Amino acid sequence: MGFMLSKSMDQNFKKQQEFMLHNARLQMERQILMQNQMRERQMAMQIAWSREFLKYYGTFFSLAALGLTIGAIKKKKSALFAPVVPLSFVLAYQMDMAYGTLIYRMRGEAESIMVSEHDRLDLPHGVPNFESIEKARRAKNALGSLFEK
């Protein structure tokens, strides 16, 4: 009878482990999907910000270029036209960021760095693990309890 009970408990334990493993896998998949959605939303916000900034900067650039060109023609000083050159580089960069291929070139460069220069990506003190996080949490809790007294 004890053998049958032990065998049944082993089967239940095995099923429980499989269930826990399945739940852990589901939780991990959900967390990865959530983090990816958050990353996509942040990137979309960054691109939207770039496009909005481009509207304002484009207006500024147009007015500045027009004013400087008219001033250079009226005063016959071509030096007044000089600020248009660096401003046009900034405008080109903003246009590339908002509507161009800058994001794809950056992604390609990032992938290259991850492959060929992976040592540059190492975190100080290595990747956080459970022990380091617990140590920091306990230290914070200990400090909090000291300040409360």
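Here are the numbers for the structure shown:
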| item | result |
| --- | --- |
| Average silhouette area of the stretch 1-91, convex hull of alpha-carbon atoms, in square nanometres | 7.7 nm² |
| Cα centroid separation, the stretch 20-46 to the stretch 58-125 (Å) | 33 Å |
| Mean ellipticity per residue at 222 nm, deg cm²/dmol - from DSSP H runs of n ≥ 4 across the chain, formula -39500 (n - 2.57) | -30000 deg cm²/dmol |
| Extension gain, Leu121 back to Lys14 (0.36 nm per residue minus Cα-Cα distance, nm) | 34.5 nm |
| Sulfur and carbon atoms: percent of accessible area, the chain [1.4 Å] | 65 percent |
| Per residue accessible area of the chain, 1.4 Å probe, in Å² | 90 Å² |
| Arg138-Gln35 FRET efficiency (beta carbon distance; Förster radius 30 Å; 0.05 resolution) | 0.70 |
| Qualifying GluC sites (Glu not before Pro) in the stretch 71-130, DSSP loop, other Cβ atoms within 10 Å at most 10 | Glu117 |
| Max mean-square fluctuation residue, GNM over the chain, Cα-Cα springs under 10 Å, options Arg25, Arg39, Arg137 | Arg137 |
| In order through the stretch 55-72: 3J(HN,Hα) via Karplus (6.51 cos²θ - 1.76 cosθ + 1.60), integer Hz, x for Gly, Pro | 4, 5, 5, x, 5, 4, 4, 4, 5, 5, 5, 5, x, 5, 5, 4, x, 5 |
| Theoretical FRET efficiency, 1/(1+(r/R0)^6), r = Cβ-Cβ of Asn129 and Asp96, R0 41 Å, to 0.05 | 0.55 |
| Relative contact order [Cα under 8 Å, 6+ residues apart], the stretch 1-91, whole percent | 20 percent |
| Simple Cβ-charge dipole of the stretch 1-91, Lys/Arg +1 and Asp/Glu -1, about Cα centre, in debye nearest 20 | 560 debye |
| Solvent-accessible area of Ile32 with every protein chain in place, 1.4 Å probe, in Å² to the nearest 10 | 100 Å² |
| Cα convex hull volume per residue for the stretch 45-149 (Å³) | 231 Å³ |
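The values are calculated or read from the model by the stated rules, or taken from the named source; none is laboratory data. None of these values were measured; they are calculated from a predicted model. Glycine gets a Cβ as well: all are built from the backbone with ideal geometry, and neighbour counts include every protein chain shown. Each accessible area value is taken on the protein alone, full model and side chains, heavy atoms only, with ligands, DNA and RNA left out. Shrake-Rupley method; radii C 1.70, N 1.55, O 1.52, S 1.80 Å.
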